[in-house]
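Reading through the C-alpha cells given below for one structure.
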Amino acid sequence: MRIPRLRWVARGRVIVSESDLAPRIMGIVNLDPGSFSDGGRVVTPDQAAARARQLEAEGADLIDVGGESTRPGSSGITLEEELRRVEPAIAAIAAAIRAPISVDTSKAEVAARALAAGACVINDVTALGDPRMAEVAAEYQAGVVLMHMQGSPRDMQTNPHYGDVTAEVAAMLAERIDRAAAAGVPRENLAIDPGFGFGKTLEHNLMLLRNLERLATLGAVLLVGLSRKSMIGTITGREPGERTAGSVAAALVAAERGARVVRVHDVAPTRHAIRVYSALGCWENES
Ligand code: HH2
C-alpha cells in the first residue's frame, strides 16, 4: 500500500514535512508521580527543563509534557493540580529548548494555558472529549493529536471489545478529524493516533499494528505511542524500565507501516535505530 506523505503543522511550525522519510521522535516528559513508566523522576520546572534539554540533545524532534497519568485504573487529577504541574513546567521548557512542545492533556483550560506558556501542540487522548478543546486549538492554530480510546482510563481495560478493531478506530478518528476541521482547525494541523493500550487487549493492539497502513490513509499524519506499554511487557516479560529494546522494535515496525511520529521514553536508542534504518534506505518504498 502507498502511504501518503503529509505535513503536520502547529502554530506555523512544520513538525512533519512531506519530504521527511524517517519518522520524527516525540520525547516524553512525565510530571505525574503515578506515571506507569517513569513516574516521580521529574517534579519541579527546573527538572522538567533539564529533562527536555536532555531529550532534545538525544535527538527528540518534539517534547510531550504531561501532568496527568492515564495509566489503566487512574481516576485523574483536578484542573488546579494539573495546571500547577504543567504551566510552570512548559514555561521553563520553552525557555530551555528550541524543539516544539506538546501538552498531553484532555482539559481545554490546561491546553489554553499551556499554549499561552509556549506549547504548540495539544496531545488529547480523548480526541476532543472536552467540548471547548477544538475552539482552543482553532484560536491558537495549534497542532492537535486526536487519539482513540475506548472508555476512560478508570475502566478502559476492564473488558475492551470490538467487532473489527481497525475499522472502528479508523471510523472514530475520521469523525474527529471532521469535527476538528469543522471547528476551524486546519486539516494539516491534525495528527491521529490509534491509542495503543487505551481500551485494547493485546490482540487488539497487535491487530492495529498489523493494519496500521489503513490508518495512515485517513488524511492526517499518524502518530503512535508504544513505548514501554504493557503489550511490550506481556510479549517480553519485562518491567517498564526494561522494555527499551522491545519498544524500539515496535517503533520501527510502526514507522515502516506509516507512523510519521513515534512517542517514546527512550529517545537515544530510538534515534540510533532510525539512523540505521535510514542508512539502509528502508523508508524509500513509500510514495
Ligand atoms: N500514551 C500515554 C500517554 N499519552 N498520548 C498519545 N498521543 N499516545 C499514546 O499512546 C499515549 C499518550 C501513556 O504513556 P505514559 O505517558 O508513559 O504513561 P502515563 O499516562 O502513566 O503517564
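A few notes on this one:
- Only one of the listed residues (Ala114, Ala142, Ala99, Ala127) is within 16 Å of the ligand (Cβ to nearest atom) and over 20 Å from Ile192 (Cβ atoms). That residue is Ala114.
- Region 200-221 residues that are over 23 Å from Arg24 (Cβ atoms) and free of Cβ contacts under 8 Å to residues at least 12 places away in the same chain, paired with ones that are in a helix (DSSP H, G or I) and not polar (S, T, N, Q) (beta carbon under 9 Å, 6 or more apart): Glu203/Val165
- Checked against the criterion of being touching a residue at least 24 places away in the same chain (Cβ under 8 Å) and either within 14 Å of the ligand (Cβ to nearest atom) or crowded, with 21+ Cβ neighbours inside 10 Å (or both), the candidates Val43, Val16 yield just one match: Val16.
- Some residue of region 179-199 being among the β-branched types (Val, Ile, Thr) and crowded, with 24+ Cβ neighbours inside 10 Å: yes
- Selection status of Asp38, surrounded by 15 or more Cβ atoms within 10 Å (Cβ to Cβ), closer than 25 Å to Val276 by Cα and either in contact (Cβ under 8 Å) with a residue 40 or more places away in the chain or more than 10 Å from the ligand (Cβ to nearest atom) (or both): no
- Region 73-96, subset surrounded by 19 or more Cβ atoms within 10 Å (Cβ to Cβ) and closer than 28 Å to Leu222 by Cβ, residue farthest from the ligand (Cβ to nearest atom): Ala94
- Summed over region 51-72, residues that are open to solvent by less than 50 Å² (accessible area, probe 1.4 Å) and either within 12 Å of the ligand (Cβ to nearest atom) or part of a helix (DSSP H, G or I) (or both) total 11.
- Failed condition for Asp104, given (1) open to solvent by 10 Å² or more (accessible area, probe 1.4 Å); (2) of a type outside the set (Phe, Trp, Tyr); (3) more than 24 Å from Arg41 (Cβ to Cβ): (3)
- Residue-level analysis places Gly233 outside the set of residues that are closer than 29 Å to Asp178 by Cβ and open to solvent by less than 50 Å² (accessible area, probe 1.4 Å).
- Single residue of region 54-77 satisfying the filter (touching a residue at least 24 places away in the same chain (Cβ under 8 Å) and over 19 Å from the mean Cα position of the chain (by Cα)) that is nearest to Val14 (Cα to Cα): Ile77
- Note on region 147-164: among residues that are in a loop (DSSP other than H, G, I, E, B) and within 14 Å of the ligand (Cβ to nearest atom), the one that is surrounded by the most Cβ atoms within 10 Å (Cβ to Cβ) is His148.
- Test: residue in region 270-279 that is of a type in the set (A, V, I, L, M) and open to solvent by less than 10 Å² (accessible area, probe 1.4 Å): yes
- Taking the criterion of being farther than 26 Å from Arg71 by Cβ and open to solvent by less than 70 Å² (accessible area, probe 1.4 Å), the residues of region 165-178 that qualify are Ala167, Ala171, Ala174, Ile177.
The values are calculated or read from the model by the stated rules, or taken from the named source; none is laboratory data. Being a predicted model, the structure only gives us computed values, none of them experimental. In this analysis, Cβ positions are derived from the backbone assuming ideal geometry, glycine residues included, and neighbour counts consider all displayed protein chains. All accessible areas refer to the heavy atoms of the entire protein, side chains included, with ligands and DNA or RNA removed. Shrake-Rupley method; radii C 1.70, N 1.55, O 1.52, S 1.80 Å.
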